[in-house]
Amino acid sequence: MKTLDEVVEVTKELPEELQSEVRDFARFVRDTHLPRPAGKMKLDWRGALSDMRDEFTSVELQHAILEWRKKHACS
């Protein structure tokens, strides 16, 4: 019996709530172990901080973001 067939058979024996856990785990394995195709970068955020142009330089914003990320990574 092929692995996929065996997984399907075992999953069919489970209650529906456990079947959804099997599905979620399979998606987790797929998303963490298979390479994702590189897509075109989205730039829909472009211009989002234009109202801050007179207050901050891009370098100052980069430093502020770096500090924010450090602070939130530790918490």
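For the range 35-75, what does the alpha-carbon gyration tensor say about shape, rounded, prolate or oblate, given a ≥ b ≥ c as the root eigenvalues, a/c under 1.5 as rounded, and a/b over b/c as prolate? Taking the square roots of the gyration eigenvalues as a ≥ b ≥ c, the range 35-75 is oblate. Sparse packing (at most 16 other Cβ atoms within 10 Å of the Cβ) combined with a DSSP loop state is found for the following GluC sites (Glu not before Pro) in the chain: GLU13, GLU55. Exposed loop sites were defined as trypsin sites (Lys or Arg not before Pro) in DSSP loop states (anything but H, G, I, E or B) carrying at most 16 other C-beta atoms within 10 Å; in the chain the longest segment without such a site runs 3-39. State the label only: which of [x] 69; [y] 80; [z] 72 corresponds to percent of Cα pairs over 13 Å apart computed from the shown model? Structure-derived value, by its label: [y].
None of the figures in this text is laboratory data; all of them are computed from the coordinates on show. Keep in mind it's a predicted model, so treat the numbers as computed, not measured. Ideal geometry is used to build each Cβ from the backbone, glycine not excepted, and the neighbour counts take in all protein chains shown.
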